[in-house]
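Take a look at the structure set out below.
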Amino acid sequence: MFLNSANSGLIQLTDQEFKELVNFVHTKYGINLIKKKVLIEGRLSQTLRQKGLTSFRQYIDLLEADRTGTEMTHFLNKITTNHSYFARENEHFEYLSDTVLPYMERTRHNYDLRIWSAGCSAGQEAYNMAMTIDQYFGLHKSRWDTTILATDISMDVLQRAKKAIYPASNLTNISALWKQKYFHSLGNGTYQVCDKIRKEVVFKPLNLMEPFHFVKPFDIIFCRNVMIYFDAPTTDQLIQKFYDVTAPGGYLFIGHSEVINKEATKYHYIRPAIYQRKE
């Protein structure tokens, strides 16, 4: 057993094990862990001990042999940060309400909007989109199908998203009016999204590295603060996949800390972190 007593009993990750783990995760999920060796040791050592494992070699074998996806889900939950809250990068929701939805209202004559929250984490983004849409259409909302597809690779966060229960700290940026209109207080410092909004979102597991099999293209895609885990070639490939499933005139929103290679994409740049597929 490789234990580092100077580091609180961390199980050491050898260079060969690290290389193997990096290659495996990048190939299967597109996530770049090349600079995450210390993070992996720190966050996974306890997991290894709980499973009775004495080396990362044994853990890698366990990941590769797992056909249920349970072990990999646990691993991804440990190494990625699923920190989100309502009205994060709120200018996106303002642009959605002020520009995108009016454009869609003028051009989508079948009253059907195809919307995707890719890498939805615990659901705050998808529900925030649903609230924005409900607020925009108001009494005319019943004429429109605006069901939102929300996907993530982590089954753990998807289960939390379906419950739609959040601590008050997640609602700091939400107005008092919206808090009253779209949330129910559970009386223990937590709030649950109201049924009307919850019914607008469908949660499903999806690995963004796998081929997309959608029947129709999307009018609006949010994929924010997901590609920070990917290297440049993987990001370029994913952006092309998004473009291929974006309807003419459709929009892509990414995180403000993320960058699209303008030379490698057909998307038209609108403003920071917002792109459109031209008609």
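No lab work stands behind these numbers, since they all come straight from the coordinates. Only a predicted model underlies this, so the values are computations on that prediction, with no experimental measurement involved. Please note: Cβ atoms are built from the backbone with ideal geometry, for glycine as well, and neighbour counts cover all protein chains shown.
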Using the alpha-carbon centroid of each, what span in Å lies between the stretch 17-79 and the stretch 207-279? 28 Å
Please arrange Ile34, Ile270, Ile165, Ile197 by how many other C-beta atoms lie within 10 Å of their C-beta, fewest to most. Ile34, Ile270, Ile165, Ile197
Apply the Karplus parameterisation 6.51 cos²θ - 1.76 cosθ + 1.60, with θ equal to phi minus 60°, to every residue of the stretch 163-177 and state each ³J(HN,Hα) to the nearest whole Hz, in sequence, with x for glycine and proline. 6, 6, 10, 9, x, 4, 4, 6, 9, 4, 8, 8, 5, 4, 5
Relative contact order, percent, of the chain when contacts are C-alpha pairs under 8 Å separated by at least 6 residues? 16 percent
With label points built 7 Å along Cα→Cβ from the Cα atoms of Lys196 and Asp145, find their separation and express it in nm. 2.2 nm
Going fewest to most other Cβ atoms within 10 Å around each Cβ, Cys223, Cys120 line up as Cys223, Cys120
Sequence-distant residues sharing a close amide H with Asp219 (under 5 Å, placed H): Arg114, Ile115, Ala247
Can you list the HN-Hα couplings for the stretch 208-220, worked out from phi with the Karplus curve (6.51, -1.76, 1.60; θ = phi - 60°), rounded to whole Hz and with x for Gly and Pro? 5, 7, 8, x, 8, 10, 9, 6, 10, x, 9, 8, 9
How large is the helix-only mean residue ellipticity at 222 nm for the chain, computed as the sum of -39500 (n - 2.57) over DSSP H runs with n ≥ 4, divided by its residue count, in deg cm²/dmol to the nearest 500? -11500 deg cm²/dmol
Correct option for Rg/Rh (Cα atoms, Kirkwood Rh) [calculated from the coordinates] among [x] 1.01; [y] 1.09; [z] 0.94: [x]
Give a residue-ordered list of calculated ³J(HN,Hα) values for the stretch 196-204 (Karplus: 6.51 cos²θ - 1.76 cosθ + 1.60, θ = phi - 60°; whole Hz; x for Gly, Pro). 4, 6, 4, 5, 7, 10, 10, 9, 9
